[in-house]
Amino acid sequence: MSNNGQPKTLFEKIWDEHIVVEEPGNPSAIYIDLHLIHEVTSPQAFTGLREKGLKVRRPDKTVATMDHGIPTTPPDIPITDMMVLNQINRLEQNCRDFGVPLHGLDSPNRGIVHVIGPELGLTQPGMTIVCGDSHTSTHGAFGTLAFGIGTSEVEHVLATQCLLQVKPKTYAVRVEGVLPKGVSAKDIILNLISRIGIGGGTGYVLEYTGSAIQGLSMEERMTVCNMSIEGGARAGMIAPDDTTFEYIATRPHAPQGADWESAVEKWRSLPTDEGATFDREITIDANSLEPMITYGTNPGMGMGITGVIPDPMSVKDVSERQTLDKALNYMDLQPGQSLLGHNVDVVFIGSCTNSRISDLRLAASLLKGQKVADNLRVMVVPGSQQVKNQAEDEGLDKIFKEAGAEWREAGCSMCIAMNGDQLQPGQYAVSTSNRNFEGRQGKGGRTFLASPLTATATAITGKIADVRTML
């Protein structure tokens, strides 16, 4: 509750607690609890600090790793990409010079920044978290206000541990019911974005609520929050509950003893108060959802797996019609076409959206005793060294390799195609990543976004498949 007794949302509670300076008509200065950095967006920021003679204000609240450009080939193979090598060397030097903790190439805790933050217990309810990466919204699954920032803002946070922000509006996304068999967290978020479009959340922070959200595991909640940015939102959030606390409790950076009890007591006060109002609301019936797949060149161009591609001529808005027409030309698809049975060349299971141990278990459960379709490349890329080690301890790597899939080292991999893991021009991929933009996974490559279950079903058949027929 606010001081005047007015009920408040989860977002409002965290925002209000982190205001450093607030002046009418101007952006607010808010305090940042955790700043995550990686090798791609941090070099210029550190250069700016040196030029200004500044230090990192709170190196103890800054954590670095390497993920975007890191090859996923075996570690004994030398890195030959000089741009990547330069980024790695610069991050190592910058972290040494400024006293920033780094999970480097030889760290057992290295991995995708949005995977290692939660698994190390760095991500905790009530925090403000930023990173020079769009999908920082992942951390909102823990009841945090987490969002991506630009390079100049990375420098500003390094120097001041604060950030200027315009207060967003609030948007409740209620997902009620029970997910049918074969439907996953990825299908929830793809369905939402297909409804509101890639700009539907602009200016808002999404709070996901409802029985279907409460029934998700923490890793599934991370998948949902991860793609909030693809709907245009500033961030995505889910209120912390016992599921959250159980996940954090055993993590290395979790509070201990009396500090743990005190932290949990505070975290229990974070969920939105009864009677609090949102600026916008939408309700989704989980019971009616089916596996989703995209057909175009942004995540909003999605449909149920049994659907057909829409006709641009049916779109009233001229700009949207032209965008859809251009997308279908790029994808070489036709209006009215079903994607079921469409040939693909590559299946990619990984990225900060779907590279956690639960994602790999889902994929392995389908692939066990099966073979990857002929002439199909299947890449399975764990999100961190910890995920990789756990998967190998459980024998998941053997299932993937025996089926004919590639078992890779941890990293962002084909999601961003910065590291040799990429599509060739004209190739089609079913990908568990978060973006299907033109050339996102390789110049001229064509991407269908889907869940790990749909991706694995496609890997087995060699064609886009409805996983429900295989369960």
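Quick rundown of the values:
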read-out: R0 of 35 Å, Cβ-Cβ distance Lys368-Leu340: FRET efficiency to nearest 0.05; value: 0.90
read-out: Computed over the chain: relative contact order in percent, which uses C-alpha pairs under 8 Å that are six or more apart; value: 17 percent
read-out: For segment 273-282, 3J(HN,Hα) per residue [Karplus equation, 6.51 cos²θ - 1.76 cosθ + 1.60, θ = phi - 60°, Hz, x = Gly/Pro]; value: 5, 4, x, 5, 10, 10, 6, 9, 9, 8
read-out: Amide H partners (placed H, <5 Å) of Phe448, local residues excluded; value: Ala429, Val430, Ser431
read-out: Placed amide H near Thr170: partners under 5 Å, 5+ positions off or other chain; value: Val205, Asp279, Arg280
read-out: Hydrodynamic radius by Kirkwood, which averages 1/r over all alpha carbon pairs of segment 1-119, in angstrom; value: 16.9 Å
read-out: Euclidean distance of C-alpha centroids, segment 197-221 and segment 164-178, integer Å; value: 7 Å
read-out: Cβ crowding within 10 Å averaged over residues, with 356-362, 269-275 ranked highest first; value: 356-362, 269-275
read-out: Stretch gain in nm, segment Asp273-Asn329, where the contour uses 0.36 nm per residue and the Cα spacing is subtracted; value: 15.4 nm
read-out: Inter-part distance where segment 90-144 and segment 40-54 are each reduced to a Cα centre, Å; value: 18 Å
read-out: Label-point gap, in nm, between Arg361 and Ala29 - each point 7 angstrom along Cα→Cβ; value: 4.6 nm
read-out: Spin-label pair Gln6/Ile19, simplified geometry with 7 Å Cα→Cβ offset, distance in nm; value: 1.0 nm
read-out: Dipole moment magnitude, nearest 20 debye, the chain about Cα centre, only Lys, Arg, Asp, Glu C-beta charged; value: 620 debye
read-out: Relative contact order computed over segment 363-471 (Cα-Cα under 8 Å; 6+ residues apart), in percent; value: 26 percent
read-out: Positive minus negative residues near Val20 (Lys, Arg vs Asp, Glu; Cβ under 14 Å); value: -2
read-out: For segment 341-363 versus segment 223-271, the gap between their alpha-carbon centres in whole angstrom; value: 25 Å
read-out: Prolate/oblate/rounded label for segment 153-252 (Cα gyration tensor, a/c 1.5); value: oblate
read-out: Per residue, in Å², the accessible surface of the chain once ligands and nucleic acids are set aside, probe 1.4 Å; value: 39 Å²
read-out: Under 5 Å, built H, 5+ apart or other chain: amide partners of Arg57; value: Ala159, Thr160, Gln161
read-out: Debye log10 I(q)/I(0) for segment 62-171, one point scatterer per Cα, at q = 0.24 Å⁻¹; value: -1.55
read-out: Inter-label distance, nm, simple model (7 Å from Cα along the C-beta direction), Glu92/His253; value: 2.3 nm
read-out: Packing rank of 129-142, 69-82, 418-431, where each peptide gets the mean count of other beta carbons within 10 Å, highest leading; value: 129-142, 418-431, 69-82
read-out: Packing-based ranking, highest mean first, of 247-254, 449-456, 31-38, 345-352 given that Cβ atoms within 10 Å are counted; value: 449-456, 345-352, 31-38, 247-254
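The values are calculated or read from the model by the stated rules, or taken from the named source; none is laboratory data. Note that the structure is a prediction, hence the values are computed from the model and not measured. Neighbour counts run over all protein chains shown; Cβ positions are idealised from the backbone, glycine included. With ligands, DNA and RNA removed, areas are computed over all heavy atoms of the protein, side chains included. Shrake-Rupley method; radii C 1.70, N 1.55, O 1.52, S 1.80 Å.
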